[in-house]
Amino acid sequence: MSRSSVQIGADGRLKHLLTTEGLPAEMIRHILDTADQFVSVGEREVKKVPLLRGKTIFNVFFEGSTRTRTTFEIAAKRLSADVINLNVGASSTSKGETLLDTVYNLQAMDADMFIVRHSQSGAAHLIARHVKPGVAVINAGDGRHAHPTQGLLDMYTIRHYKKDFSALTVAIVGDVLHSRVARSQIHALKTLGVPELRVIGPKTLMPAAVERLGVRVFHDMTEGIRGCDVVIMLRLQNERMNGALLPSAGEFFKCYGLTAEKLVHAKADAIVMHPGPMNRGVEIDSPVADGRQSVILPQVTFGIAVRMAVMSMLGSQ
């Protein structure tokens, strides 16, 4: 069974959202168009629509992430769903309960949708293959594999500011090797027709044969962002700083941190993005993060609308 057939039903509708890989361009555009309708909900006095009233959504996080869990919870509540948050990593699995045992027990409580985050790549796919028909699964990050809603909210942000993907030069900078976000971004950007996609970082933080994904690899930051329309900075996990992959946070910032001096090599109207949370002074300098070209806070706002779009499409089946 292919990844796309797990995600998309025979009727062409979205069944699960597990990865941006193999997601057709028309489906990505449909999600972004649907999100357009939800952006204004956050500006209302009453920030609710009744689309998922009576539905029960479980936020099942086997790995911690306050930001992602919170934005999914806000999105679900704005759709009038009942939301249950579970930090499963600290409960059932530590007692020897398997991943599928946990899901089957929650499914017995009449769950309509699972938002799943797990440290193992493929966990969300496994769950999607074992839930009852009509129960939807959204991958909120699995290992190094995928983080599709983050990839989609990044596509929404780029489209909002740049309109057309077909003439863009986009650079993704930093720890590409460990980044599920980068993989989701690359698949979506290629599908939407971005002609020039670059990845920038030290050799130790690049996946083997990353060029096969259709990207150009740069190890020099200045050359890499030259003439770019979009610069996406990736989070560098502090826990990797003391390993063999990097000499120090200071050395990384000197070579690959985004400063105003480096940003001048991109286009004058280039936008700066970051999936968050940011390490200021490591991946990005504060004057850039808070500067006129930064769209990092709008990304968060758009993220709620995109997650509302995905949940509304999955929950209306």
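When you go through (1) surrounded by 14 or more Cβ atoms within 10 Å (Cβ to Cβ); (2) on the phi > 0 side of the Ramachandran plot one by one for residue 145, which number turns out not to apply?
Only one criterion is unmet by residue 145, namely (2).
For (1) touching a strand residue (DSSP E or B) at 6+ places or on another chain (Cβ under 7 Å); (2) hydroxyl-bearing (Ser, Thr, Tyr); (3) in contact (Cβ under 8 Å) with a residue 12 or more places away in the chain; (4) open to solvent by 40 Å² or more (accessible area, probe 1.4 Å), each residue gets a yes or a no:
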site	(1), (2), (3), (4)
44	no, no, no, yes
59	yes, no, yes, no
88	yes, no, yes, no
101	no, no, no, yes
114	yes, no, yes, no
134	no, no, yes, yes
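Could you say which residue among 169, 204, 191, 222 is in contact (Cβ under 8 Å) with a residue 24 or more places away in the chain, under 17 Å from residue 261 (Cα atoms) and of a type in the set (S, T, N, Q)?
Of the residues listed, the single one that is in contact (Cβ under 8 Å) with a residue 24 or more places away in the chain, under 17 Å from residue 261 (Cα atoms) and of a type in the set (S, T, N, Q) is 222.
Got a sec? Which of 29, 69 is of a type in the set (Lys, Arg), surrounded by 16 or more Cβ atoms within 10 Å (Cβ to Cβ) and under 20 Å from the mean Cα position of the chain (by Cα)?
Every option except 69 fails the conditions.
Any residue in the stretch 142-157 that's basic (Lys, Arg): show its pairings with residues that are outside any strand (DSSP E or B) at Cβ separation under 7 Å, as long as the two are six or more apart or on different chains.
What qualifies is 144/121; 144/178; 144/180.
Taking the stretch 233-261 only, how many residues are at pLDDT below 70 and either in contact with a Leu (Cβ under 7 Å, 6 or more places away or on another chain) or under 12 Å from residue 173 (Cβ atoms) (or both)?
Result for the stretch 233-261: 2.
Going through the stretch 191-229 one residue at a time, which ones are among the β-branched types (Val, Ile, Thr), within 13 Å of residue 175 (Cα to Cα) and out of contact with any strand residue (DSSP E or B) (no Cβ under 8 Å at 6 or more places or on another chain)?
Of everything in the stretch 191-229, just one residue is among the β-branched types (Val, Ile, Thr), within 13 Å of residue 175 (Cα to Cα) and out of contact with any strand residue (DSSP E or B) (no Cβ under 8 Å at 6 or more places or on another chain), namely 204.
Tally time: how many residues in the stretch 188-203 are in a helix (DSSP H, G or I), more than 22 Å from residue 283 (Cβ to Cβ) and not β-branched (Val, Ile, Thr)?
1
The values are calculated or read from the model by the stated rules, or taken from the named source; none is laboratory data. From a predicted model like this one, the values you see are computed outputs, not experimental measurements. A quick note on method: Cβ atoms are made from the backbone with ideal geometry, for glycine too, and the neighbour counts reach across all protein chains shown. Side chains are part of the model used for accessible areas, which takes the heavy atoms of the whole protein and leaves out ligands, DNA and RNA. Shrake-Rupley method; radii C 1.70, N 1.55, O 1.52, S 1.80 Å.
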